[in-house]
1. Quick one: Asp40 ticks every box in (1) part of a loop (DSSP other than H, G, I, E, B); (2) of a type outside the set (Phe, Trp, Tyr); (3) modelled with pLDDT of 70 or more bar one, so which box is it?
2. Within the range 98-137, track down each residue that is of a type in the set (S, T, N, Q) and touching a Leu at 6+ places or on another chain (Cβ under 9 Å).
3. Applying the selection to the range 53-105, what residues are acidic (Asp, Glu), under 28 Å from Leu142 (Cβ atoms) and either modelled with pLDDT under 85 or in a loop (DSSP other than H, G, I, E, B) (or both)?
4. So which residues in the range 2-34 are in a helix (DSSP H, G or I) and open to solvent by less than 60 Å² (accessible area, probe 1.4 Å)?
Amino acid sequence: MLEADIREYANSDVFYPKRYKIRPRVYFIIIKTDASNMMDFKEKRALRQNDGGERGKAASPVVMRLNEERVGWYEGTMDFKRVQLVPGTGKFQYRDTHFVAQVKAMSGLDCYNRIVDHLRQRVDDRSQFPSAKGKNFKFRYLGMAKDMAK
């Protein structure tokens, strides 16, 4: 039965990993790929494009531009969890905080790092910052000279 299932998986158009339970907490995983060797697989050179373009949706244009070097002014917007003292009880709680800053940076990732460095000096150490690749951080390039009219 296992052999028939594996052959069916190998002949199908499905590319998600297939997992078989051997015993408790022990699994056998089969991964189907178009990579010609292990190095290509590890470096993700053989990423398969589905007909629906699902891979294209996974990597948004913003994430693709994150490391693109373009010196100038950036506007970075971040939503993060800030630890604040509740005055009446003396306890601390997480509050969703929206933060916008205009910074001079080399790239979108540099903009993110400068904003996080700035906030780490000014908020409680337990505050939680989002990933630069996540939906809670956005940036836009303003140009070489900061335009305050926008």
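The values are calculated or read from the model by the stated rules, or taken from the named source; none is laboratory data. Keep in mind the model is a prediction, meaning the values are calculated, not measured. No Cβ is skipped: glycine too gets one built from the backbone with ideal geometry, and neighbour counts run over all protein chains shown. We work out accessible area using only protein heavy atoms, side chains counted, and drop any ligands, DNA or RNA first. Shrake-Rupley method; radii C 1.70, N 1.55, O 1.52, S 1.80 Å.
1. (1)
2. Kept after step one, since they are of a type in the set (S, T, N, Q), are these residues of the range 98-137: 102, 107, 113, 121, 127-128, 131, 136.
Those that are of a type in the set (S, T, N, Q) and touching a Leu at 6+ places or on another chain (Cβ under 9 Å): Gln102, Ser107, Ser127.
3. Taking the range 53-105 as the starting set, the residues that turn out to be acidic (Asp, Glu) are 54, 68-69, 75, 79, 96.
Cutting the leftovers down to under 28 Å from Leu142 (Cβ atoms) gives us 68-69, 75, 79, 96.
Matches in the range 53-105: Glu68, Glu69.
4. Of the range 2-34, the ones in a helix (DSSP H, G or I) are 2-11.
Of everything in the range 2-34, those that are in a helix (DSSP H, G or I) and open to solvent by less than 60 Å² (accessible area, probe 1.4 Å) turn out to be Asp5, Ile6, Tyr9.
Residue-by-condition table, conditions (1) in contact with an Asp or Glu (Cβ under 8 Å, 6 or more places away or on another chain); (2) surrounded by 12 or more Cβ atoms within 10 Å (Cβ to Cβ):
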residue: His98; (1), (2): yes, no
residue: Ala105; (1), (2): no, yes
residue: Gly108; (1), (2): yes, yes
residue: Tyr112; (1), (2): no, yes
residue: Arg120; (1), (2): no, yes
residue: Arg126; (1), (2): no, no
residue: Phe129; (1), (2): no, yes
residue: Asn136; (1), (2): yes, yes
residue: Met144; (1), (2): no, no
